[in-house]
Each structure stands twice: as C-alpha cells, then as structure tokens.
Amino acid sequence: MPIVDDALIGRIFRAESGRSVATLIRIFGDIDLAEDAVQEAFALALRQWPADGLPPNPGGWITTTARHRAIDHLRRESRGRELLDQVAEVADEPTGEEAERVQDDRLRLIFTCCHPALSIEARIALTLRLLGGLTTAQVARAFLVAEPTMAKRLVRAKHKIKAAHIPYRVPSEAELPERLRPVLAVLYLTYNAGTDGPSGDELRVEAIRLARAINSLMPDEGEVAGLLALLLLTESRWPARFTSDGALVLLRDQDRSSWDRALIEEGHAIVRACLRRNRPGPYQIQAAISAVHADAKTFEATDWSQILDLYDQLLALTPTPVVAMNRAIALGEIQGPQAALDVLDGLDLGEYHLFHAARADLLRRLGRHDDARRAYALAAPLAVSDAERVFLGDRLETELEAGRHRGRPA
Amino acid sequence: MPRYLLSTHSVAGATREPMTEEQMQKAWEPIQALEAEMKSAGAWVFSARLHDPDTATVVRVSGDEVVTTDGPFVEAKEHLAGFYIIEAADLDEALGWASKVTKLISSPIEVWPFVDTAGG
C-alpha cells in the first residue's frame with residue numbers, strides 16, 4: 001500500500017490530467033473551463049486522498065470530479081446555463097464506447113495543440129500544458145523563459161484556437177501526413193529540450209509518454225512508431241551520457257554496461273516491426289541507426305557500413321546539411337578521418353557547434369592539433385548546453401596541452 | 001457558422017506582363033469556377049477585387065475637422081488586392097478554400113477569423 005502523499009498525487013495527476021482535460025474539452029468545448037476544473041479536482045485530491053486513500057480508479061475520479069466542478073461553474077453564469085442545455089449528459093462510469101472516445105479525446109487534443117496555424121513555440125507549450133499536465137511555471141522553466149511570458153504565450157494560443165475555430169478532431173486520412181508531422185516534431189523537440197536544462201527529466205519522460213500514447217492510438221503509422229523507438233533508444237543511453245560530476249561522455253567513451261537494456265529491447269522490437277512494415281521514414285531510419293549502435297558491444301564493434309547505408313537512405317529522404325554531416329562522420333569511421341573531413345569542409349554549418357566539434361575531433365585524429373584547437377574554440381561559444389560547453393572547453397585545454405608538449409606556444 | 005476573411009495582397013512595384021484579353025479570360029475562368037464551387041457549397045458570402053492602392057482615399061478626423069487625403073492609410077509595400085468572405089465550419093475548412101484560391105492566383109493568402117457577433 002503506497003503512502004498517499006503530495007508527490008504521489010502529483011505523479012498521478014501528471015499521468016492522468018491530459019486525458020481528463022481532453023475529455024472535458026470535448027464535453028464543454030472550452031479549454032480554459034476544462035483546465036480550471038481539472039486544477040480544482042487536483043486541489044481537492046490533495047485534501048481528500050491522503051485521508052481517504054486513493055480512489056479505485058484515480059483517472060476516472062479526476063474526470064468525474066472535474067466535470068462536476070465545470071458544471072457548477074456553468075450554473076453560476078447565465079451564458080453557462082445555455083451551454084449546459086446543449087451539453088449532453090455523460091455517464092459517470094465510462095461505458096465501452098465512452099472509454100474509446102476518451103482515448104480519441106487525447107488524440108484530438110494533440111492535433112489541436114499542434115495545429116500548423118499556431119507557432120511552433122505555442123504548439124510545444126500547449127502540448128506540455130494541456131496533455132502533459134505540466135504547470136505553466138514548469139513549462140516556462142523548461143524553455144528558460146519567465147513565467148509571465150509563458151503564461152501570455154499560452155493565453156494567446158488558446159485565444160487563437162477559440163477565435164479562429166481551430167478544430168478539435170483527428171484529421172482525415174488525406175490530411176493526416178501533413179498534420180502528423182508537426183505533432184511528431186513537437187514530441188521530438190520536447191525530448192531534445194529535455195536533454196538540457198533544469199527540468200530535463202520531466203520533458204524527456206513526458207515526450208516518451210506522449211509518443212507511447214499516440215503510438216497506441218495510431219498503431220499503423222510507421223513514423224509514430226519510429227519516433228517512439230528513436231526516443232526509447234536515445235533514452236536508453238542517458239545514464240552513460242554524463243560522468244558523476246555532470247561532464248559529457250561521447251558515444252565512443254560511454255560505459256555500455258550502464259545502458260538501459262529494457263528500453264533497448266523495447267526500441268529494438270519497434271524497429272523490427274517497422275522494418276517488416278517496410279514504409280521507411282526519417283524517424284524510423286534514425287531509430288534504426290540508434291538500434292545499430294545499441295547492438296554493438298563496443299564502439300569498435302559498431303557496424304559502420306550498415307549505419308552508412310541508413311544515412312544514405314536518410315539523406316535521400318531529408319537532404320539537410322546536418323544529415324550530410326552525420327553521414328560523413330559514419331563514413332569517417334570506415335574510410336578514415338580525412339574522408340569525413342573532405343565532406344564536412346563542403347558543408348555550410350558554421351553556426352552549428354556540433355559541426356565545429358566534429359571537425360575538431362577529425363583534425364585531432366589527423367594530428368593537426370593547431371587546426372583542432374581553432375575548431376574547438378569555434379564550437380565552445382556556440383554550444384547550447386553547459387555540459388557541452390564544458391566538454392568542448394576541456395577538449396580545447398587538452399589540445400593546448402598537446403601543443404605545449406610539442407614545444408610550440410599555445 | 002464562423003466567418004472568415006480570405007485576403008490577397010499586391011506588392012508595390014511588382015508589375016506583371018500586361019495580359020491580352022484572351023489571356024485575361026483564361027486566367028479568370030478557373031477563379032470563376034472556384035467561386036461557383038464556393039457558392040454551391042454554401043461557403044461564399046461575398047468576394048471582390050480591388051483597384052490599385054493609388055486609387056484609395058483616406059478620410060480622418062483631425063481636431064474638429066474631417067480631412068480627406070490621398071490613400072492608402074497603411075504605408076506598406078503590400079496592399080489589399082482582393083478578398084473573399086466565406087462561412088466555414090472551422091479553420092480547417094476555411095484553410096481548404098484558401099489553399100484552392102492560392103493555387104489559382106499563385107500568391108499567398110491570409111485567413112482572418114471574424115469576431116462572432118452572435119454571442120459566440
């Protein structure tokens with residue numbers, strides 16, 4: 001019997017509130033009303049659950065309580081009473097059909113939150129707030145903006161949804177590819193935002209949880225599965241990515257025994273299912289690349305030719321300089337650092353810290369320490385996260401050291 | 001039913017090759033066909049094409065006086081060139097019409113929701 005404390009209730013709400021908010025938006029057609037009502041249910045749970053124990057179905061309790069709260073609110077205003085007449089009464093205990101609609105509700109809501117008519121910042125913020133159950137303060141912290149700024153962003157986005165009548169429904173089959181792309185991008189960006197910053201763990205967990213939810217709701221969409229697998233496989237390496245004092249550890253140097261085998265197994269199974277389906281897309285291919293890395297017992301044992309093959313496919317689908325860079329790095333593992341450097345020097349990625357970091361690493365391996373030092377010096381100030389900055393700074397130090405050993409001024 | 005303004009813009013100084021009468025007719029036909037489609041779908045409320053910005057006039061109050069000047073009011077490179085007012089169930093439906101229009105005229109189109117006056 002778990003102790004019912006605020007932390008446990010918080011976790012339950014984080015997991016369940018997206019479902020409740022989505023259902024209430026369907027019933028009442030009003031995002032603010034739904035949010036407020038679920039928030040009130042949360043406050044009530046904090047008072048009642050520690051004394052009474054957990055209700056048998058906490059998610060159902062939250063939705064039912066929030067629905068009663070919303071109805072109370074509407075009764076108090078005249079416009080609300082009109083709305084109440086229009087709102088169909090729903091049974092307290094979901095029937096089979098109702099339970100299915102609850103699933104659909106979350107799917108509807110994520111397509112509303114990630115509608116292309118909203119800015120990318122607004123899409124991410126809305127998704128985390130409404131579906132992820134993060135507070136405005138938590139969302140603000142995750143994106144390093146002040147809480148009032150984030151609150152304003154959310155208010156504006158919700159106003160646009162209402163004013164422009166952005167629909168609350170799953171897009172038709174014909175619209176789906178175009179509309180699914182921003183949804184997956186939001187989850188991917190959310191996960192990436194979680195690889196840095198003070199509330200990183202929350203964001204990564206949330207991105208994976210939502211990817212799982214969408215995957216279970218749309219099991220036939222290969223790219224949804226691909227994204228989920230990519231996130232799981234990336235997350236599996238998380239424990240090995242930093243030393244105990246927070247320094248970044250490159251894939252090459254990671255302690256592979258600390259990789260999370262359960263996540264790798266799950267990711268692998270999804271990648272295999274994607275291969276059987278044989279409708280590749282960018283996320284599926286990136287997941288496959290991740291799976292090849294996860295397969296290798298040591299860095300040296302990595303099947304680089306398979307990785308290069310996959311990068312060729314990825315580059316054909318998404319011919320961006322960043323993909324070309326990553327492909328060149330794989331090429332370098334097969335044909336040597338000079339081959340990779342030749343490709344890199346033709347790419348226009350001067351603003352991207354990992355480009356300079358990759359060049360620096362290749363130059364270092366070629367013994368061109370002065371050039372390597374210059375490249376590390378370019379990379380460090382462009383780095384996004386502190387861990388990366390520290391890492392690149394350390395490498396620069398090492399190269400300076402190497403310069404001194406050769407008796408040259410640093 | 002929500003209403004939307006679909007507006008198209010002309011860019012100052014962007015002159016096009018003058019069209020022959022026949023070319024004009026040819027360009028106009030699909031636009032008329034789309035308008036007919038909007039009407040039969042019950043989406044069309046009103047539509048119009050506007051003359052050049054040079055032809056616009058501004059009227060404003062200055063102190064107690066009403067002053068009339070050469071327009072347009074907004075000093076910009078782009079000016080309103082034409083618009084549709086449509087009714088649609090939601091934004092996606094409005095965007096559907098907007099994409100049909102933009103494909104025909106090959107220039108971007110803005111979709112603005114009306115403020116609901118009927119208590120919405």
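The values are calculated or read from the model by the stated rules, or taken from the named source; none is laboratory data. None of these values were measured; they are calculated from a predicted model. Cβ coordinates were reconstructed from backbone atoms using ideal geometry, including for glycine residues, and neighbour counts include every protein chain displayed.
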Set A:ILE270, A:ILE214, A:ILE285: member being touching a residue at least 24 places away in the same chain (Cβ under 8 Å) and touching an Asp or Glu at 6+ places or on another chain (Cβ under 9 Å): A:ILE214
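List the strands (runs of 3 or more DSSP E) that sit entirely inside segment B:26-120 and contain at least 3 residues that are within 14 Å of chain A (Cβ to nearest Cβ).
Values: elements: B:44-49, B:57-62, B:65-70, B:78-87, B:109-113.
Output list reads B:109-113.
Kindly check whether there is at least one residue in segment A:172-182 that is at negative phi and either among the β-branched types (Val, Ile, Thr) or at pLDDT 95 or above (or both).
Here is the first cut: in segment A:172-182, the residues at negative phi are A:172-182.
Next cut, either among the β-branched types (Val, Ile, Thr) or at pLDDT 95 or above (or both) only: none.
Looking for residues that are at negative phi and either among the β-branched types (Val, Ile, Thr) or at pLDDT 95 or above (or both), one finds none in segment A:172-182, hence no.
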Identity of the residue in segment A:101-123, part of a helix (DSSP H, G or I) and in contact with a Lys or Arg (Cβ under 7 Å, 6 or more places away or on another chain), that ends up nearest to the other protein chains (Cβ to nearest Cβ): A:PHE111
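Give segment B:64-120 a look and list any residue that's small (Gly, Ala, Ser) and farther than 18 Å from B:LEU6 by Cα, or say none. Give the steps one after another, and end with the answer.
Just the residues of segment B:64-120 that are small (Gly, Ala, Ser), to begin with: B:71, B:76, B:81-82, B:88-89, B:94, B:96, B:98-99, B:106-107, B:118-120.
Correct list: B:GLY71, B:ALA76, B:ALA118, B:GLY119, B:GLY120.
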Test result for B:VAL59, more than 25 Å from B:LEU95 (Cα to Cα) and surrounded by 10 or more Cβ atoms within 10 Å (Cβ to Cβ): yes
Could you list, in sequence order, all residues of segment A:149-199 that are without any contact (Cβ under 8 Å) to a residue 12 or more places away in the chain, in a loop (DSSP other than H, G, I, E, B) and surrounded by fewer than 20 Cβ atoms within 10 Å (Cβ to Cβ)? A:SER172, A:GLU173, A:ALA174, A:GLU175
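Could you grab me the full set of residues in segment A:141-151 that are modelled with pLDDT of 85 or more and within 18 Å of A:CYS114 (Cα to Cα)? Outline the logic, then answer.
Filtering segment A:141-151 for residues modelled with pLDDT of 85 or more gives A:145-151.
Of everything in segment A:141-151, those that are modelled with pLDDT of 85 or more and within 18 Å of A:CYS114 (Cα to Cα) turn out to be A:MET150, A:ALA151.
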List the number of the failed condition for A:LEU126; all other conditions in (1) of a type outside the set (Lys, Arg); (2) away from every other protein chain (no Cβ under 14 Å); (3) closer than 25 Å to B:TRP112 by Cβ; (4) in a loop (DSSP other than H, G, I, E, B) hold. (4)
Just to be sure, is A:ALA37 without any contact (Cβ under 8 Å) to a residue 12 or more places away in the chain and under 30 Å from A:ARG156 (Cβ atoms)? no
Residue by residue through segment A:41-65, note down the ones that are under 28 Å from the mean Cα position of the chain (by Cα) and closer than 24 Å to A:CYS113 by Cα. A:ALA41, A:PHE42, A:GLY59, A:GLY60, A:ILE62, A:THR63
Look through segment A:152-179, keep the residues that are more than 8 Å from every other protein chain (Cβ to nearest Cβ) and of a type in the set (Asp, Glu), and return whichever of them is nearest to the chain's Cα centre (by Cα). A:GLU178
